[in-house]
Amino acid sequence: MDSIIIQGGRPLSGTVEVSGAKNAALPLLAAGILADGPMIYHRIPHLRDITTMMTLLANQGADVSMDDKGRVRVDTSTSHLPEAPYELVKTMRASALVLGPLLARFGHARVSLPGGCAIGARPMDMHLKGLEAMGAEIRVEQGYVVAKTKGKLQGARIVFGTVTVTGTENLMMAAALADGETILENAAREPEVVNLADSLRQMGADIKGDGSGCICIRGVDRLNGAEVSVIADRIEAATYLAAGLITGGEVTVKHVDPGMLDAFLARVAEAGASVETGESWVRCSASERLQGVNIRTSPHPGFPTDLQAQFMALMCIASGSSVISETIFENRFMHVQELRRMGANIVLNGNAAVVDGIETLSGAPVMATDLRASASLVLAGLAATGETTISRVYHIDRGYERIEEKLRALGASIERITPTPELLRSPSLATS
């Protein structure tokens with residue numbers, strides 16, 4: 001497996017162009033299942049999860065291609081296999097997003113229970129209960145969700161017990177072709193949900209209320225193909241801003257709506273960072289050591305759980321103490337043990353981590369446990385003295401496009417090492 005090696009202690013400065021958001025691109029690709037004609041997608045990021053989703057659509061019979069300008073074309077008019085096999089989706093949680101569209105289009109579907117990062121249960125219960133409320137018959141057998149309908153799905157009022165982004169997206173797509181009106185209450189408000197609703201409207205859907213806690217979808221008879229664009233990756237943008245702050249530099253991210261970063265920018269400003277924004281750019285710097293501040297993750301517009309690990313890395317070298325509370329996923333503190341290996345002073349207490357800032361982290365060999373934990377270890381390595389080696393970096397490839405290239409452009413000393421066949425056959429590795 002590849003490793004990333006970082007020589008830390010270099011202030012990062014410069015400008016980064018933000019890629020399209022993985023968490024927006026995946027549901028947009030799934031929505032292509034609903035279209036009568038071809039979909040053209042702009043700003044699709046080149047990531048492992050995106051490749052998996054495109055392969056999944058092709059496996060269902062769709063025509064999937066990318067031109068020399070990076071535009072992705074998906075035509076599902078030839079799709080004939082409403083299935084998502086385990087072999088394709090075992091590494092990607094977002095594979096659940098094809099269930100609603102497949103059921104709405106074909107009237108039946110067989111979708112493997114998905115995989116992804118081991119950061120918590122993230123059950124599909126609310127997806128399945130919502131589809132059942134719309135008239136689907138669902139059973140789970142041998143690790144697969146098997147669903148079918150008698151005729152079209154029917155509009156229904158669905159109240160989510162807790163806010164779920166993928167559940168909101170899945171049911172919104174299913175409802176777009178259902179008979180009658182569907183109302184989703186306690187719906188997710190994330191920008192990625194709004195991006196999906198905008199794209200569905202371009203395809204001919206009748207959707208109102210996205211961006212609020214109540215979304216109303218009136219089903220239509222058909223959805224046409226359309227040309228749509230993926231919004232900027234707000235998590236990637238904040239990660240690079242954090243890279244500048246943790247190294248004492250100044251980083252600007254461009255092609256991003258600053259409003260999507262409000263919660264993150266408010267907390268780093270509270271910690272003492274200088275924040276400047278324009279129409280489509282954000283710049284962060286800190287002339288002095290940051291101060292410890294508390295955060296509590298919560299659904300949008302609260303502080304994103306996907307930035308909790310990166311913010312913790314920042315707090316590891318801030319002045320004073322901070323309390324970081326995780327309310328979304330129960331296993332999202334697996335990076336704590338690795339940050340401790342680098343000298344961080346962190347004490348866990350249930351769903352809260354108390355961080356006492358130290359002046360300097362020390363480079364060490366560490367292991368990535370999930371996507372955002374990977375990013376936190378990269379940030380820590382950039383700030384640390386000496387060398388940090390991060391193993392199992394396949395996690396980071398699921399969510400960050402060309403991360404080494406972008407960080408090197410800002411002045412980082414970072415490289416990826418791919419083991420040679422000879423090294424993999426060495427006795428020390430063969431028995432590890």
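Within segment 40-66, the set of residues being part of a loop (DSSP other than H, G, I, E, B) and more than 22 Å from the chain's Cα centre (by Cα) comprises 60, 61, 62.
Looking at 64, 74, 98, which one is free of Cβ contacts under 8 Å to residues at least 12 places away in the same chain, touching a helix residue (DSSP H, G or I) at 6+ places or on another chain (Cβ under 6 Å), over 26 Å from residue 390 (Cβ atoms) and not aromatic (Phe, Trp, Tyr)?
Working: 74 fails: free of Cβ contacts under 8 Å to residues at least 12 places away in the same chain; 98 fails: free of Cβ contacts under 8 Å to residues at least 12 places away in the same chain.
Exactly one of 64, 74, 98 is free of Cβ contacts under 8 Å to residues at least 12 places away in the same chain, touching a helix residue (DSSP H, G or I) at 6+ places or on another chain (Cβ under 6 Å), over 26 Å from residue 390 (Cβ atoms) and not aromatic (Phe, Trp, Tyr), namely 64.
Report, ordered by the first and then the second residue, all pairs with beta carbons closer than 8 Å, sequence separation of six or more or different chains, a first member in segment 259-288 that is of a type in the set (Ser, Thr, Tyr), and a second member that is assigned to a loop (DSSP other than H, G, I, E, B). Close Cβ pairs (under 8 Å, with a partner that is assigned to a loop (DSSP other than H, G, I, E, B)) amount to 274/286; 274/287; 280/255; 280/256; 280/257; 285/249; 285/273. When 65, 19, 3 are screened for being touching a Lys or Arg at 6+ places or on another chain (Cβ under 8 Å) and surrounded by 24 or more Cβ atoms within 10 Å (Cβ to Cβ), only 19 passes. Exactly one residue out of 329, 311, 303 is crowded, with 16+ Cβ neighbours inside 10 Å, closer than 21 Å to residue 211 by Cα and within 23 Å of the chain's Cα centre (by Cα), and it is 303.
Residue-level check: of (1) under 30 Å from residue 15 (Cβ atoms); (2) out of contact with any strand residue (DSSP E or B) (no Cβ under 8 Å at 6 or more places or on another chain); (3) basic (Lys, Arg), residue 189 misses just (2). Filtered by the rule that a residue be over 21 Å from the mean Cα position of the chain (by Cα), of a type in the set (A, V, I, L, M, F, W, C) and outside any loop (DSSP other than H, G, I, E, B), segment 67-86 gives a lone residue, 74.
Do the conditions hold for residue 235, that is, is it under 17 Å from the mean Cα position of the chain (by Cα), of a type outside the set (Asp, Glu) and more than 18 Å from residue 173 (Cβ to Cβ)? Let's see the steps before the verdict.
Working: under 17 Å from the mean Cα position of the chain (by Cα): yes; of a type outside the set (Asp, Glu): yes; more than 18 Å from residue 173 (Cβ to Cβ): yes.
Yes: the conditions hold for residue 235.
Evaluating residue 266 against the criteria (1) touching a Gly at 6+ places or on another chain (Cβ under 9 Å); (2) not hydroxyl-bearing (Ser, Thr, Tyr); (3) not in a loop (DSSP other than H, G, I, E, B) leaves one unmet condition, (1).
If the condition is being modelled with pLDDT under 85 and not charged (D, E, K, R), then segment 397-432 contributes 419, 420, 421, 423, 424, 426, 427, 428, 429, 430, 431, 432. Per the conditions (1) in a helix (DSSP H, G or I); (2) of a type in the set (A, V, I, L, M); (3) at pLDDT below 90, the sole criterion not satisfied by residue 171 is (3). Counting the residues of segment 376-407 that are aromatic (Phe, Trp, Tyr) and under 13 Å from residue 242 (Cβ atoms) gives 1. Filtering segment 342-380 to residues that are of a type outside the set (A, V, I, L, M, F, W, C) and surrounded by 18 or more Cβ atoms within 10 Å (Cβ to Cβ) leaves 343, 357, 363, 369, 370, 372, 374, 376. Only a single item in (1) at negative phi; (2) out of contact with any Lys or Arg (no Cβ under 8 Å at 6 or more places or on another chain) is not met by residue 248, and it is number (1).
Take the residues in segment 121-135 that are surrounded by fewer than 20 Cβ atoms within 10 Å (Cβ to Cβ) and at pLDDT below 95; name whichever of them is nearest to residue 184 (Cα to Cα). Let's see the steps before the verdict.
First pass over segment 121-135, keeping only residues surrounded by fewer than 20 Cβ atoms within 10 Å (Cβ to Cβ): 121-123, 125, 129, 132-133, 135.
Subset that is at pLDDT below 95: 121-123, 125, 129.
On the way: 121: 22, 122: 19, 123: 18, 125: 15, 129: 12 Å.
Per the stated criteria, the residue is 129.
For segment 19-37, the condition holds for at least one residue, the condition being that it is over 22 Å from the mean Cα position of the chain (by Cα) and under 22 Å from residue 94 (Cβ atoms).
One residue stands out among those in segment 381-397 that are under 19 Å from residue 16 (Cβ atoms) and not hydrophobic (A, V, I, L, M, F, W, C): the one that is surrounded by the fewest Cβ atoms within 10 Å (Cβ to Cβ), which is 397. Residues of segment 136-169 that are surrounded by 15 or more Cβ atoms within 10 Å (Cβ to Cβ) and small (Gly, Ala, Ser): 136, 147, 155, 156, 167. Would you be able to say whether some residue in segment 225-246 is in contact (Cβ under 8 Å) with a residue 12 or more places away in the chain, assigned to a strand (DSSP E or B) and closer than 30 Å to residue 386 by Cα? No, segment 225-246 contains no residue that is in contact (Cβ under 8 Å) with a residue 12 or more places away in the chain, assigned to a strand (DSSP E or B) and closer than 30 Å to residue 386 by Cα. When we screen 205, 197, 176 for residues that are out of contact with any His (no Cβ under 9 Å at 6 or more places or on another chain), without any contact (Cβ under 8 Å) to a residue 40 or more places away in the chain, farther than 22 Å from residue 300 by Cα and not β-branched (Val, Ile, Thr), the only hit is 205.
Inspect all residues belonging to segment 87-98 and state whether any of them is modelled with pLDDT of 90 or more and either closer than 18 Å to residue 146 by Cβ or in a helix (DSSP H, G or I) (or both). The answer is yes, given that some residue of segment 87-98 is modelled with pLDDT of 90 or more and either closer than 18 Å to residue 146 by Cβ or in a helix (DSSP H, G or I) (or both). Tell me, please, whether a residue that is at pLDDT 95 or above, closer than 22 Å to residue 385 by Cβ and part of a helix (DSSP H, G or I) can be found in segment 343-352. No, the conditions are met nowhere in segment 343-352. Any chance segment 303-314 includes a residue that's over 22 Å from residue 388 (Cβ atoms) and either free of Cβ contacts under 8 Å to residues at least 24 places away in the same chain or not in a helix (DSSP H, G or I) (or both)? The answer is yes, given that some residue of segment 303-314 is over 22 Å from residue 388 (Cβ atoms) and either free of Cβ contacts under 8 Å to residues at least 24 places away in the same chain or not in a helix (DSSP H, G or I) (or both).
The values are calculated or read from the model by the stated rules, or taken from the named source; none is laboratory data. All of these numbers come straight from a predicted model, not from anything done at the bench. So basically every Cβ, Gly included, is an ideal-geometry build from the backbone, and we count neighbours across all protein chains shown.
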